[in-house]
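Enquirer: Quick one: the structure is below, and I'll ask about it shortly.
The values are calculated or read from the model by the stated rules, or taken from the named source; none is laboratory data. It should be emphasised that the depicted structure is a prediction, and the values quoted were computed from it without experimental measurement. Methodologically, a virtual Cβ is constructed for each residue, glycine included, from the backbone with ideal geometry; neighbour enumeration extends over all protein chains shown. The area values use the complete protein model at the heavy-atom level, side chains included, leaving out ligands, DNA and RNA. Shrake-Rupley method; radii C 1.70, N 1.55, O 1.52, S 1.80 Å.
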Amino acid sequence: MGNKFFVSDCEGPISANDNAFELAGHFIEDGEKFFQIVSRYDDILVDEVKRPGYNAGDTLKLILPFLKAYGATNQNMEEFSSRNVLLIPGARETLGKVKETMPSFIVSTSYEPYIRALCDLTHFPFSHCYCTRLDLDSHILSKEDNNKLKEFCLSITRNPEFDNLERIFWGKIPEMEIGSLFQEVKPVGGEAKKEAVLDIISKHNFKPHDLMYVGDSITDVEPLRYAREHDGLAVSFNGNEYAVKEASIAVISDNTVITSILTDLFYQYNSKLVLEFASSFTDNPEKALQKYEVNPELISKLVKTNTRLELVTPENLEGLTEDSKKFRKEVRGEAIGGLG
């Protein structure tokens, strides 16, 4: 048995939050609508335009000047994040189990204050986390630029057309001093998440086929694909269309105990056996749990959940994706569940 290791996204597989969306809603005028528009713009830049140098999740740097304009600081972002961590049921126990079983890491696009708050709550080591670091307090915003940003925010919510966002984000804001945030802040999303996984592999001398990666969104496409293509285990947990398409297995569940089960089987055996288990589970969950000698304590918890587990195939991709997206909204709410 090789040195297996576990890597998970945070928001979705571990927590129900979208911290950046919630921060925007808290600080920015009409902030939820604003964030949804910018998030959709992010999806277009990544999935359709494929802009060089732009990564999925760069929404988190695009909204920073606006958070600053509406009064966000390092301290009040941290305080808000600490008060509002919402774990997926079972997540605390799952994180505890996996970190005792094998080397475990969180790779998240989320801002650092939120990940620190989640680590404090779950006792997961922050030293095993990759996330988006920032320092809003180190940037000065003049009154004139502050007013301009509020005008831009209003323009975006009133006119969310692509050309308008292009003009504001790549024409107007880079001309402002606060525009330096775009170069300074490096969100950990898309290719940057894959780079984080490669960094983990390099630092700990792991093998790619010993990787289990769990993700749920467009920011997880690259690491999910990497795990799948290198014979590791790529798991979509209540994923959207981007995540399900790149996963080997799709989990649809209201509890993370199924992640604990998959992790346990992966650690004891390999990705091939976990795929066999998933196929068997789809046909007959009770028989699969007995056949693969799943921990009885985990079984007793699983039967109390609403859980579906399937291999992702070309034949079931469309239907599985729709079911996963629908359930994702039930677990995380319509607004957050609908984000890319």
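Enquirer: Considering only region 207-233, state which residues are more than 23 Å from Asp58 (Cβ to Cβ) and either in a loop (DSSP other than H, G, I, E, B) or within 14 Å of the chain's Cα centre (by Cα) (or both).
Expert: Result: Lys207, His230, Asp231, Gly232.
Enquirer: Which of the residues that make up region 80-137 are under 15 Å from Ala20 (Cβ atoms) and of a type in the set (Gly, Ala, Ser)?
Expert: If the condition is that a residue be under 15 Å from Ala20 (Cβ atoms) and of a type in the set (Gly, Ala, Ser), then Ser81, Ser108, Ser110, Ala117 are the ones that fit.
Enquirer: Hey, another quick one. Considering every residue within region 94-106, establish whether at least one is closer than 28 Å to Gln36 by Cβ and either touching a Leu at 6+ places or on another chain (Cβ under 7 Å) or open to solvent by less than 80 Å² (accessible area, probe 1.4 Å) (or both).
Expert: Yes: one or more hits.
Enquirer: Which pairs have Cβ atoms under 6 Å, sit 6 or more apart or on different chains, and link a residue in region 38-60 that is closer than 18 Å to Val185 by Cβ to one that is basic (Lys, Arg) and not in a helix (DSSP H, G or I)?
Expert: Taking only residues 6 or more apart or on different chains, the pairs are Leu45/Arg51.
Enquirer: Filter region 279-288 down to the residues that are under 28 Å from Lys207 (Cα atoms) and touching a helix residue (DSSP H, G or I) at 6+ places or on another chain (Cβ under 8 Å) and list them by number. Give the steps one after another, and end with the answer.
Expert: Our first condition is that a residue be under 28 Å from Lys207 (Cα atoms); within region 279-288, this holds for 279-281.
Scanning region 279-288 gives Ser280, Phe281.
Enquirer: In the set Ala234, Ala247, which member is free of Cβ contacts under 8 Å to residues at least 24 places away in the same chain, within 22 Å of Asn55 (Cα to Cα) and of a type in the set (A, V, I, L, M, F, W, C)?
Expert: Result: Ala234 is the single residue among Ala234, Ala247 that is free of Cβ contacts under 8 Å to residues at least 24 places away in the same chain, within 22 Å of Asn55 (Cα to Cα) and of a type in the set (A, V, I, L, M, F, W, C).
Enquirer: Right, here's the next one. Can you say whether Lys150 is of a type in the set (D, E, K, R), crowded, with 16+ Cβ neighbours inside 10 Å and in contact (Cβ under 8 Å) with a residue 24 or more places away in the chain, as far as the supplied structure shows?
Expert: no
Enquirer: Additional query: Could you go through region 127-144 and let me know if any residue there is of a type in the set (Lys, Arg) and under 30 Å from Tyr213 (Cβ atoms).
Expert: Yes, region 127-144 has at least one match.
Let's see how each residue does on (1) open to solvent by less than 20 Å² (accessible area, probe 1.4 Å); (2) over 30 Å from Glu93 (Cβ atoms):
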{"site": "Ile115", "(1), (2)": "yes, no"}
{"site": "Asp145", "(1), (2)": "no, yes"}
{"site": "Leu154", "(1), (2)": "no, yes"}
{"site": "Pro160", "(1), (2)": "no, yes"}
{"site": "Trp170", "(1), (2)": "no, yes"}
{"site": "Pro174", "(1), (2)": "no, yes"}
{"site": "Gly179", "(1), (2)": "yes, yes"}
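Enquirer: Could you check region 305-340 and list, in sequence order, the residues that are of a type in the set (Gly, Ala, Ser) and surrounded by fewer than 18 Cβ atoms within 10 Å (Cβ to Cβ)?
Expert: The first filter runs over region 305-340 and keeps only residues of a type in the set (Gly, Ala, Ser), leaving 319, 324, 333, 335, 337-338, 340.
Passing the criteria: Gly319, Gly333, Ala335, Gly338.
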